[in-house]
Structure formats: C-alpha cells, structure tokens
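Notes to accompany the following structure.
The numbers here are math on the coordinates, done by the rules we state, and not lab data. Quick caveat: nothing in here was measured; it's all calculated off a predicted structure. FYI the Cβ positions are ideal-geometry reconstructions off the backbone, even for glycines, and counts take in every protein chain you see.
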Amino acid sequence: MLDNYGGPERRHGQRFPFANSSPYLIRFRDSGTDNFQTSTSGNIGFGGILLISDFSFSIGDFIDIEISFEDGNKAITIVIQSTVIWIETRNEDENNEINYHVGAEFNIATEEESETLNKFIEKHIL
C-alpha cells in the first residue's frame, strides 16, 4: 500500500485529520533542550504525528512534542518524546520557501500519556 507521499505505508495505526480540516499548532523541541518551536500538524494518530515545519531534522532525532488543548474548563498539556522516522523536503508555500514534512513516532512512556493523547485525538478528529 502506498502512502500520500508515494512511498510504502509506514504507519502502524490510523491517522486522523483535524476536525476543522486546518493544521493544528504544535510545539516541539530537540529532546534535552528548553527551546520550543512552533509547527503545524496535518494529521495525528495513536502512534505518531505529521509535523509541517521550516525546521529540518534527521531521521532518528529525538524530539519532544507538546500538545495543548481544552477539556471542558480544564487546560491540558502533554509532552511526548518522539522519534523522527521520516522527513521530506517540500516547496509548498506562496513564497517558494522550503518546508519539511516530518513523520514522528510517539514513544509513549506512561499510561497517563496514552490516556491524554487518546482524549486529544477523540476531541479533534472528524
């Protein structure tokens, strides 16, 4: 089976577009650093996320993905360590600037991370 990029399907689970069909803002950083940068995401699944960024990575890089959302009146933030498993250079914006589509696999460490991620996906999928 081919994925949207014309290569072999690498996903282990289903990915979901965001409910409003527009990219969702995500913050990320190289693991072990304090400096978060902002990116957008086109889709997310229980196993990983697609980041769309102007920042380049290398396959195998560890990055922390920060996702924030509202659950009722409560603000929830989760930071999940992830591994870059693929990267593709794109030239998509109106200014002909290069951006990167980055596939990151979640390294879920705790049951709480898993439950919070599940809440986020349930709240933001179609």
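Each residue of region 31-44 in turn: what ³J(HN,Hα) in whole Hz from Karplus with 6.51, -1.76, 1.60 and θ = phi - 60°, glycine and Pro shown as x?
Result, ordered by residue: 4, x, 10, 9, 8, 7, 10, 9, 9, 10, 10, x, 7, 8 Hz.
How large is Rg over Rh for region 15-124, taking Rg from the Cα atoms and Rh as the Kirkwood inverse mean of 1/r across Cα pairs?
Value, to two decimals: 0.96.
At R0 = 30 Å, how high is the FRET efficiency between SER31 and GLU70 if r is their beta carbon distance? Nearest 0.05 is fine. Write out the running numbers ahead of the final one.
Working: r = 26 Å, r/R0 = 0.88.
With R0 = 30 Å, the Cβ-Cβ based efficiency is 0.70.
Looking at the square roots a ≥ b ≥ c of the eigenvalues of the Cα gyration tensor of region 62-126, which shape do they give, rounded for a/c under 1.5, prolate if a/b is larger than b/c, or oblate?
Taking the square roots of the gyration eigenvalues as a ≥ b ≥ c, region 62-126 is oblate.
For each of VAL79, VAL102, count neighbouring Cβ atoms within 10 Å of the residue's Cβ, then give the residues from fewest to most.
VAL79, VAL102
Karplus couplings for region 107-114 from phi (6.51 cos²θ - 1.76 cosθ + 1.60, θ = phi - 60°), rounded to Hz, Gly and Pro as x?
10, 5, 9, 9, 5, 4, 4, 4
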